[in-house]
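First the structure, in the form of structure tokens, and then the observations on it.
The values are calculated or read from the model by the stated rules, or taken from the named source; none is laboratory data. This one's a predicted model, so the numbers in the text were calculated from it and none came from an experiment. All Cβ positions, glycine included, derive from the backbone under ideal geometry; neighbour counts span all protein chains shown. Surface accessibility is based on the protein's heavy atoms, side chains included, excluding ligands, DNA and RNA. Shrake-Rupley method; radii C 1.70, N 1.55, O 1.52, S 1.80 Å.
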Amino acid sequence: MSASSLIAFALWVAGQTGEPAGAQESLWIQADRILVRPGLELRNAAILVERGKIVRVGTDLEKPAGARELRGTVACAGFVDPWSSLGLDPAGANELGATAATRTTDGLNPWWIPEERDEALRAGVTTARIQVGGSAVVGGLGAVIRVDPSSRIGVVLPDACLAATTAIQRAGRDLDVFDRIEEADRLAGLIERGRRYREETVEYRHDLEEWDKTIAEKQKELEENFKKAKKNREKAQAEAQEKGKEFKEEKYKEDKKPKRPKLDPEAEVLARAAEGEIPLVVEAHRVPELRALLEVTAPFDRLRLLVAGATEALEVADLLAERSIPVIVWPAPLGAEASGEWNAHSLELAGELDRAGVEVLIGSGGGPHSRELRWIAALAVSHGLDREAALGAITLGPARAFDVGERVGSLESGKDADVLLFDGDPLETHSRLLQVVTQGRVVE
Amino acid sequence: MSFVLGALVTGVLGSAPFTQESNPAYQVRAKMILVGDGTQIEDGVMVVERGKVSRIGRGEIDPHLPLVEHAGVLAPGFVACQTESGEEGEGYEPTRSILPEARLVHAFHPDHSDFAAAARAGITTVVLAPSGNDLVGGLTAVVKTAGGVILEREGHLALSFGGSALSQTVGRSFGFGTADEDAQASASSDSDPRGGPEDTEDARRGSRQPTSYSGALRELRERFAKPQGVYSRAARGELPVLLEAWDRHEVMRAAEFARDHRLIGALRGAPLAGDPDVADSLAKSGLGVVVGPYAIGQRRRSLESVGMFQARGVPVAFALASPEYAPEGLRLSAALALSAGAKREDVLRALTTDAAKIAGVSDRLGSLERGKDADFVLWSGDPLDLSSRIESVWIDGKRVHARTDGMHRPTREEDAGGAHPREARHR
């Protein structure tokens, strides 16, 4: 994305996420347990919300006059679904011709199925990372959106990641193991292309700066010598006329202006991924392509890789842990006749990866069904994932991974007031979700 | 968290060593016992003798019997009312559509990994049913997921009112596509050079009868007009039926057919039957309903149908549809139905008592009453809470699965009693 379009986009986003109605109201949220963030829990505490933000969290707060009071047994942060297509036009979500320059925000279809939004929101999902071209070789720029109760889609971050897949099947054709490894290689080639483009761009800027400087110096010199030069020129002209000769203008040798690299919007995005400015999410499932992926991406030391799906990731868990690569799992009950990507799928994966020291994120699998996020996180718990890790995997974990950890994912002061109030533990599936607060507004 | 810590103390206490070989009787004490019939016992004790429940209730433990102490919940093993587990293609006949003589019991491979996987998910009994792609699919079998136990060799007569039982045009896309889409699908498979075997199958299916819903009804009415063999047993109410029907019109047709012929049994499918009039029609037919499995993203309306049926007194059970779905899908289905407004006791019954009733084995299974089979599961918490873990699964009083990862390791004593001897008890 060029700088100017980024600015234009930022303005558009600002317009979209402008102060929502009703957020002026102050909220006073009390709970027996407040799960502030993984590792920090407060008993008999309260959260003070003003103008859509969490102002204070603590056990010694006093209720300000006029604040609306909410009560529950357990409060936690709104869920962040790291793998969704909520709010995306289905054609965009399934776009197979996507490139790195394809933008998820271009495929937004503000809640063409309002039930999907309402159900997701009522199930506690307040933000989601959505992805255009979820099964394309390269899916383009993913976005983090807010599951907004109004008809708009609040974009929290329009360029949250770049996505790619290594598939088992493409266009109905099975990819054998070498095809799949080749896909990983090709991906590395793309990242390299981005890296080089960035290098060229940086070089160009540097050269352009040098050139500008040289030209400026020359110009100054010429201006300073202008009178003398003019006199000399007039003299030379007169002499030429006298002698009946042709007058020749003195030519200045000019430095060649550096050539701008050809604008390549794809490479621009690839460059941002290569430089770690945005994370790269790669859906990969089997050991060969997982190994290949880890191998070919190793030289890019600024790349921030995330692996999604990762059916057989346990085989490479040590490498994932060593390189701090988070894994987005989809702990849905899938049988042996599921597609090639998933038929070796195990509900134990989340727990096993967590025990192997890999950061686990839980996503609803790339579809529009974020409303099941809590259920599948609970399934991961029942198959060995630590309860606290599971809650982190649908709150702060994904928020941080997609660079919105400063705004959402926990109940710390200064953050957006996305608060869920339950009558029991959030991951016990018969706990009822009593209230959903998003940006300080109570969802009625 | 407290449940997880609690699970740590699950273990074997008591003076007598716990080996089922030497002593067939033992007792299990749990913080909560869900009997399966809707009642629950806090700090309950269950005594198991020769694979049966011999005593259950609150009260003292017997100092002479080995004790399995469990800090969580003891619940009956789940009964899944329809599955194609381990059938290896036996559940579907591509050349003919009417196979009253087919018996799924012949396709039962007790050692198939599908059954072990089901047991690990707390499912101890399954109804093996044909795929639903045959108008008359044959006779279901009711089997346990360990030990090769066959509970019913002739469980139900399976009939399909679904589009997939009809000829090529409707059946190819399981009744959900349009004729044009099917023609396209057929054309693309013809042009695919690797499509050889499918082409042959399609060709065979193309000549199958019947080819329409009305044709199917005619075939079935003919058979039930002067019923013989399995049809006559079904018509007399001695053999329950399992009727597959998915779309609204299929469900209405199946319910009407069952009413007309006074058939007993259950309907399988009905994902869109969550309309009150369909539910009313089903309630009048006296049939039970086998729903699900519900997957991630299931339409809200089909989730709500569980509560709607149960409110009308229609017994509901869940289907497993393994191996397409993982066995954990059964519990997910139940939890989703619960979240969509069904009552907790009713949902639990749909996994146990009502499922056993629909499976036709409620004399032996479905609750942990005295005299019934000791098929039970030790859970870290409430089984309807998806985050609860399975600590161990027991069939006919023998432990067939124990959690092996993380904190709980089976003790040596438990291991000694763990192996389930292969036994085929035929009725």
To the nearest 0.05, the calculated FRET efficiency linking B:ARG370 and B:LYS284 through their beta-carbon distance, R0 being 35 Å, is 0.50
Excluding ligands, DNA and RNA, what is the accessible area buried between chains B and A, summed over both sides, using a 1.4 Å probe, to the nearest 100 Å²?
2300 Å²
Find the all-direction average of the projected area of the Cα convex hull for the protein assembly as shown, expressing the result in square nanometres with one decimal place.
48.9 nm²
Tell me the per residue accessible area of region A:302-354 using a 1.4 Å probe; a whole number in Å² is fine.
36 Å²
Show log10 I(q)/I(0) for region B:317-400 at q = 0.16, 0.26 Å⁻¹, two decimals, from a solvent-free Debye sum over equal Cα scatterers.
-0.68, -1.45
Add +1 for every Lys or Arg and -1 for every Asp or Glu among the other residues with Cβ under 11 Å from the Cβ of B:ARG344, and state the total.
-2
Report the label-to-label distance for A:LYS243 and B:ARG218 in nanometres (one decimal), using points 7 Å from each Cα along the Cα→Cβ vector.
11.6 nm
Percent of alpha-carbon pairs separated by more than 18 Å within region B:29-141
61 percent
Do any trypsin sites (Lys or Arg not before Pro) in region A:27-62 lie in a loop, going by DSSP, with at most 16 other beta-carbon atoms within 10 Å of their beta carbon, and if so which?
A:ARG51
Surface/4 estimate of mean projected area, convex hull on alpha-carbon atoms of region A:115-219, nm²:
11.8 nm²
Using label points projected 7 Å from each Cα along Cα→Cβ, tell me how many nm separate A:ARG432 and A:ARG56, to one decimal.
3.2 nm
Partner shielding of A:424-434, taken as the mean number of other chain Cβ atoms within 10 Å, equals 4
Förster-model FRET efficiency, 45 Å R0, A:ARG173 and B:GLU256, C-beta, rounded to 0.05
0.50
Equivalent ellipsoid dimensions for region A:357-444 as semi-axes, Å, which come from the Cα gyration tensor, largest first:
20, 17, 12
Take the Cβ-Cβ distance between A:GLU224 and A:LEU263 as r, set R0 to 41 Å, and report the resulting FRET efficiency rounded to the nearest 0.05.
0.60
So what's region B:87-133 giving for Rg/Rh, alpha carbon basis, Kirkwood Rh from the mean inverse pair distance?
1.03
Going down the list B:LYS144/B:LYS226; A:LYS220/A:LYS256; A:LYS213/A:LYS262; A:LYS231/A:LYS251; A:LYS213/A:LYS259, which pairs span over 27 Å between their C-alpha atoms?
B:LYS144/B:LYS226
Portion, in percent, of the accessible area of chain A that falls on carbon or sulfur, probe 1.4 Å
49 percent
Shielding score for B:315-322, defined as the mean number of other chain Cβ atoms within 10 Å
1
Semi-axes, largest first, in whole Å: what does sqrt of 5 times each Cα gyration tensor eigenvalue give for region A:55-126?
37, 14, 11
Proportion of all alpha-carbon pairs of region A:264-375 beyond 20 Å (%):
43 percent
What full-extension length gain, to one decimal in nm, is calculated for A:ALA356 and A:GLU41 as 0.36 nm per residue of separation minus the Cα-Cα distance?
110.9 nm
Give the average, rounded to an integer, of partner chain Cβ atoms located within 10 angstrom of each Cβ in B:379-386.
5
Inter-label distance for B:ARG344 and A:ARG186, nm, one decimal - labels placed 7 Å from Cα along Cα-to-Cβ
5.3 nm
For the protein assembly as shown, give the magnitude of the charge dipole about the Cα centre (Cβ charges: +1 Lys/Arg, -1 Asp/Glu; no others), in debye to the nearest 20.
1100 debye
